[in-house]
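Only one structure is covered here, and it is reproduced in the block below.
No lab work stands behind these numbers, since they all come straight from the coordinates. Every value quoted in this text rests on a predicted model; they were computed, and no experiment measured them. Note that we place each Cβ from the backbone using ideal geometry, even for glycine, and neighbour counts take in every protein chain shown.
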Amino acid sequence: MQSDNLKTFSRENIRPLVIRSLRRSNIRKKIADYLFEICPNGSYTSEIAYNIKTTPTNVIGAIRGMGSRYKAEESLISLEVVEQVKNNSNIKLYKITDFGKEIVESLKIK
């Protein structure tokens, strides 16, 4: 139970960073919105790119981080907005986390 409190505490601490990250990057925001729309299902990189009208490279950068354009510490995975799951055929799928859903819902209200 104590670890749940620590997790909640740390998520509350990173909430402003997550919101700032989504506001600074239109691609990150679109990815979070798209994954929110299709949840509980996940999607793979090229499908996400097609649906938000960008390149798979931009999607990978926003989700996992890539160089200086997409900092790893501001990636959707490191901010716990998106999680990577593997299916039976080793394809990497990305799904929005419960924390990510909370963030997207709070941004839609504002």
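Here are a few things to note about the model shown:
- Among the residues of the stretch 33-56, the one identified as over 19 Å from LYS86 (Cα atoms) and in contact (Cβ under 8 Å) with a residue 40 or more places away in the chain is ASP33.
- Listed by position, the helices (runs of 4 or more DSSP H) enclosed by the stretch 21-64 that each have at least 1 residues that are small (Gly, Ala, Ser) and closer than 15 Å to GLY100 by Cβ are 26-38, 56-64.
- For the stretch 65-110, a residue qualifies if it is more than 13 Å from the chain's Cα centre (by Cα), basic (Lys, Arg) and in a helix (DSSP H, G or I), and exactly one does: LYS108.
- Scanning the stretch 73-92 for residues that are more than 18 Å from SER10 (Cβ to Cβ) and in contact with a Ser or Thr (Cβ under 9 Å, 6 or more places away or on another chain) yields a total of 1.
- The one condition in (1) under 24 Å from ARG11 (Cβ atoms); (2) surrounded by fewer than 17 Cβ atoms within 10 Å (Cβ to Cβ); (3) basic (Lys, Arg) that ARG64 fails to fulfil: (2)
- For the stretch 68-100, filtering for residues that are surrounded by fewer than 18 Cβ atoms within 10 Å (Cβ to Cβ), of a type in the set (Gly, Ala, Ser) and within 20 Å of SER46 (Cβ to Cβ) leaves 1.
- Exactly one residue among ARG69, ARG28 is under 19 Å from LEU107 (Cβ atoms) and of a type in the set (D, E, K, R), and that residue is ARG28.
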